[in-house]
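Take a look at the structure below.
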Amino acid sequence: MKLLLINPNISDSVSELIRSEAQRSASQGTEIEVLTAPFGVAYIETRFEALIGAYAAAQLAAEHHARFDAVVVAAFGDPGLTGLREALPVPVTGLTEAALASACLLGHRISVIAISQRIQAWYREVVESYGLGTRLASIRALDHPLASIGDVQEDHAQALKALAERAVDEDGADVIVLAGAPLAGLARSLRGQLPVPVVDGVSSAVRHAETLVALQPGTAQRGSFSPPPVKLNRGLPPAIARLLDRSA
């Protein structure tokens, strides 16, 4: 089994965190490849940045999906996920969708721990888009400048743990979701240190992607996730144009 994880931002240090956690989480024999966006921002905090990341993810997915059994959008917020699910002939999931799916199997009230205050409104909208707004206990986030996106865990480990503890004590969280690729692997470090289960997006996405491939559920030929209709297009990267023309 071969899984493609796409980092929709330009931070190579974050891609290394994704790769490390994905390889630790994957089943024996599963091959992991991580690709970094060729354009965009260092990390995604806003709706507009997510729009840019979604296009970067679409370009990489169009160029490389044929070599893989499933694709993972490796950023919290899942930029471009639903569109890729329409267009690609392989299963697609993302860090938010997979982490929330895991969390739903572990408890009822879910709290998300994030890396910045600005990110919260967009994250809340994403959770609500998955129909889980009523199960969201809280979103708590760091309120400190991020000197290096690849070093968030090391720089703010105690603050992140404290936020999780407050989510349990003050918000009634049954499960903690650590949000974002920069926090990949932190759940392993916190295991046994918090009074509720802790979920990581990368490990959840890898395992759920493996399950989707193994289930062989088929692809949508009708309904809202059927492939986009063939129509005239102009100015698109060649790989995206081929995908839309169904010749990829």
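Annotations for the structure displayed:
- Being modelled with pLDDT under 95, open to solvent by 30 Å² or more (accessible area, probe 1.4 Å) and not basic (Lys, Arg) is not true of TYR55.
- Selection count where residues are crowded, with 19+ Cβ neighbours inside 10 Å and either more than 22 Å from the chain's Cα centre (by Cα) or modelled with pLDDT under 90 (or both), scope the stretch 153-167: 0
- Of the residues contained in the stretch 122-140, none is found to be farther than 18 Å from CYS104 by Cβ and among the aliphatic types (A, V, I, L, M).
- Output for the stretch 222-245, where each listed residue is surrounded by 11 or more Cβ atoms within 10 Å (Cβ to Cβ) and among the charged types (D, E, K, R): ARG242, ASP245
The rows are residues; the columns are (1) in contact with a helix residue (DSSP H, G or I) (Cβ under 9 Å, 6 or more places away or on another chain); (2) not β-branched (Val, Ile, Thr).
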{"position": "ALA58", "(1), (2)": "yes, yes"}
{"position": "ALA70", "(1), (2)": "yes, yes"}
{"position": "GLY80", "(1), (2)": "yes, yes"}
{"position": "LEU105", "(1), (2)": "no, yes"}
{"position": "ILE113", "(1), (2)": "yes, no"}
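- Scanning the stretch 12-36 for residues that are in a helix (DSSP H, G or I), open to solvent by 40 Å² or more (accessible area, probe 1.4 Å) and among the polar types (S, T, N, Q) turns up SER13, SER20, GLN23.
- All positions within the stretch 168-221 that are open to solvent by less than 70 Å² (accessible area, probe 1.4 Å), in a loop (DSSP other than H, G, I, E, B) and touching a strand residue (DSSP E or B) at 6+ places or on another chain (Cβ under 9 Å): GLY172, ALA173, ASP174, ALA179, GLY180, ALA184, GLY185, LEU194, VAL196, PRO197
- Restricting attention to the stretch 130-152 and to residues that are outside any loop (DSSP other than H, G, I, E, B) and charged (D, E, K, R), the residue that is surrounded by the most Cβ atoms within 10 Å (Cβ to Cβ) turns out to be ARG140.
The values are calculated or read from the model by the stated rules, or taken from the named source; none is laboratory data. This one's a predicted model, so the numbers in the text were calculated from it and none came from an experiment. For neighbour counting, all protein chains shown are included, and Cβ atoms are generated from backbone atoms with ideal geometry for every residue, glycine included. Protein only, heavy atoms only, side chains kept; ligands, DNA and RNA dropped before computing areas. Shrake-Rupley method; radii C 1.70, N 1.55, O 1.52, S 1.80 Å.
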